[in-house]
Amino acid sequence: MTLNILIDCDPGHDDAVAILLANKLANLTSITTVAGNTDLANTTRNALALVELLGTNIPVHSGAYQSLGGEVRDAQHVHGKTGFGGTDLPQPTTEVASEDAVSHIIEQARAIDDLWLVAVGPLTNIALAIEEYPAIVSRVAGLSIMGGSTGSGNATPAAEFNIWADPEAARTVLTAGLNPIICGLNLTQQFLSDDDFVETLAAADQRVPSFIAELYTYMHERMDAIVGERRAALHDPCAVLALTHPQLFEFEDMYVDVELSGELTRGMTLFDQRRTHARNPANCRVATKIDAKKAREVLLSTLLDNSST
Ligand code: RIB
Ligand code: CA
C-alpha cells in the first residue's frame, strides 16, 4: 500500500534529509512550512529550492510565521541565518502553492483516505488545523513527529526546540487523540552523521548527495563549535524512517503532556514512565531505540539512488 505523506517542516538541514527520504521512499503529496530553525520566508524559500533541486513539482504551502502565543524563536546559531547554512542553492523560480498551510492540511486530510502527517518543526500549523477541523484526528492515518525528549532538552535543559518554540501548539497536538509516533532527542541522538557520512555522499559527485554533504559539512563545523564534536543528530529523518522502516525501531506506548508554565521547564515533554498502576493511559507511541547502523545504510542508499525521483 502506498505511504502518503504530507511533511510540515522548518528547513533546516535535517528537514532537508527528511524531505529527500519521503520523496524517495513514500508518496510525498505536499510540503507545508512553518517558522522554526529560521524565519518563515527562509524555511519556505528553502523548501521551494529543495523541491527544484529534486526536479519534482511537489507543492509547497507556507504557514505560521510565529507561535500560537506570538513568540518567534529560531535556531540560526545551528542552521545559519538562511536555515541552509553552508550551501547556496539558486533562488527558487517557483512560487508557493498558497500561503495557507492550515487550509491545505485540512483539504488533504479530507481528500486522501490514508494520509500520514509528518511534523518536523514547531507544531503550530498542525495545532491550527486540529482547532479548525477536529475531525482531522479520525481522518488521517496518523502523525509522526520529531519533537520532545524523554530525557534532556536541547533548546533548554528541559525542552526540545520544536516543542519549546510553540508549547501551546505542542500540547494541542500531542493530546488531541492522534496517538502520535514521537521521535524525541532520546531517539534521534542515537542516529548521528559524521565525516565518513559526508565523505561518502561527496564522493558520489551527484547533485543531491553533494548538497547534503555541503549541508552537513557546515553542520559538523557548527556542532564542533557548540559541543566540540564533528557529529550531528539526524533528527528529522527519524520521523520519516519510523513510517517507512519501523522494523529499525523499538517503540513504547506512553502518556505525554507538555509543560506550559514552568519557569525553568516551559516546553518540556513530560512522559509518564512510571511502572505503577497510577500511570496515565498511553496517548502516544515513543520511539525508544533505532538500529543506527542499518538506518544509515538505508539513508545512504536512498540518498545515493539517483534513479528518477
Ligand atoms: O530539536 C531538533 C529539531 O529542531 C529538528 O527538527 C531541527 O530541524 C530543529 O527544527
Ligand atoms: Ca526541523
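The values are calculated or read from the model by the stated rules, or taken from the named source; none is laboratory data. Fair warning: this is a prediction, and the values are worked out from it, not measured in the lab. All Cβ positions, even for glycine, are placed from backbone atoms using ideal geometry, and neighbour counts span all protein chains on display. Calculation scope for accessible area: heavy atoms of the full protein, side chains included, ligands and nucleic acids excluded. Shrake-Rupley method; radii C 1.70, N 1.55, O 1.52, S 1.80 Å.
Values for this structure:
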item: Filtered trypsin sites (Lys or Arg not before Pro), the stretch 250-305: DSSP coil and at most 15 other beta carbons within 10 Å; result: Arg274, Arg275, Arg279
item: Percent carbon-and-sulfur accessible area, the stretch 232-303, ignoring ligands, DNA and RNA, probe 1.4 Å; result: 52
item: Leading residue at positive end of dipole, the stretch 216-299 (Cβ point charges), from Tyr218, Leu248, Ala287; result: Leu248
item: Peptide ranges 143-153, 55-65 listed from the most packed, as the mean C-beta count within 10 angstrom indicates; result: 143-153, 55-65
item: Residues whose placed amide H lies under 5 Å from that of His245, excluding near-sequence neighbours; result: none
item: Extreme residue, positive dipole direction of the chain, given options Thr2, Thr56, Gly70 (C-beta unit charges); result: Thr2
item: Solvent exposure of the chain as accessible area per residue, Å², 1.4 Å probe; result: 41
item: Loop sites in the stretch 197-261: GluC sites (Glu not before Pro), DSSP, at most 16 other Cβ within 10 Å; result: Glu229
item: Two-decimal log10 I(q)/I(0) for the chain, as the Debye equation yields it once each C-alpha is a single scatterer, q = 0.07, 0.13, 0.15 Å⁻¹; result: -0.23, -0.85, -1.18
